[in-house]
Amino acid sequence: MMCFLHWFSASRRLKEAEKTVTMLREEKYSDRGVPEMVLAQRDFIKKEVEYFADECAGMAIILVGVLFLSIVGYVLYKV
């Protein structure tokens, strides 16, 4: 369940990193003028968001499976 919190946190950090890159740009649609370290940090946060999104998808599949088995078990127990 912690992957959901990490995913939300990383998404917020990515939004702030994008704002920082936008403010540091010299031209509107290029990354000229932005320090390489800031760009690297933004790219790392993007990868982090992708990783936690994949983890959350796996966790959601597991939760749906457990819920399904619980419902089947409950129905069989009551019959």
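For residues that are assigned to a loop (DSSP other than H, G, I, E, B) and not small (Gly, Ala, Ser), tally how many sit in region 1-52.
Qualifying residue count, region 1-52: 10.
Which of the residues spanning region 31-41 are within 27 Å of Asp54 (Cα to Cα) and either open to solvent by less than 100 Å² (accessible area, probe 1.4 Å) or of a type in the set (A, V, I, L, M, F, W, C) (or both)?
Once the filter is applied, which keeps residues that are within 27 Å of Asp54 (Cα to Cα) and either open to solvent by less than 100 Å² (accessible area, probe 1.4 Å) or of a type in the set (A, V, I, L, M, F, W, C) (or both), region 31-41 yields Met37, Val38, Leu39, Ala40.
When you scan region 2-9, do you find a residue that is touching a residue at least 24 places away in the same chain (Cβ under 8 Å) and touching a Ser or Thr at 6+ places or on another chain (Cβ under 7 Å), even just one?
No, region 2-9 contains no residue that is touching a residue at least 24 places away in the same chain (Cβ under 8 Å) and touching a Ser or Thr at 6+ places or on another chain (Cβ under 7 Å).
Whether any residue in region 54-64 is open to solvent by less than 100 Å² (accessible area, probe 1.4 Å), touching a Phe, Trp or Tyr at 6+ places or on another chain (Cβ under 7 Å), in a helix (DSSP H, G or I) and not basic (Lys, Arg) is what I want to check.
yes
Among the residues of region 1-30 satisfying the criterion of being of a type in the set (Ser, Thr, Tyr) and either open to solvent by 50 Å² or more (accessible area, probe 1.4 Å) or modelled with pLDDT under 90 (or both), which is nearest to Glu48 (Cα to Cα)?
Here the answer is Thr20.
The values are calculated or read from the model by the stated rules, or taken from the named source; none is laboratory data. Just so it is clear, the model here is predicted, and its values are computed rather than measured. Reconstructed Cβ throughout: ideal geometry from the backbone, glycine too, with neighbour counts over all protein chains shown. Note: accessible area is taken over every heavy atom of the protein model, side chains too, but ligands, DNA and RNA are not part of it. Shrake-Rupley method; radii C 1.70, N 1.55, O 1.52, S 1.80 Å.
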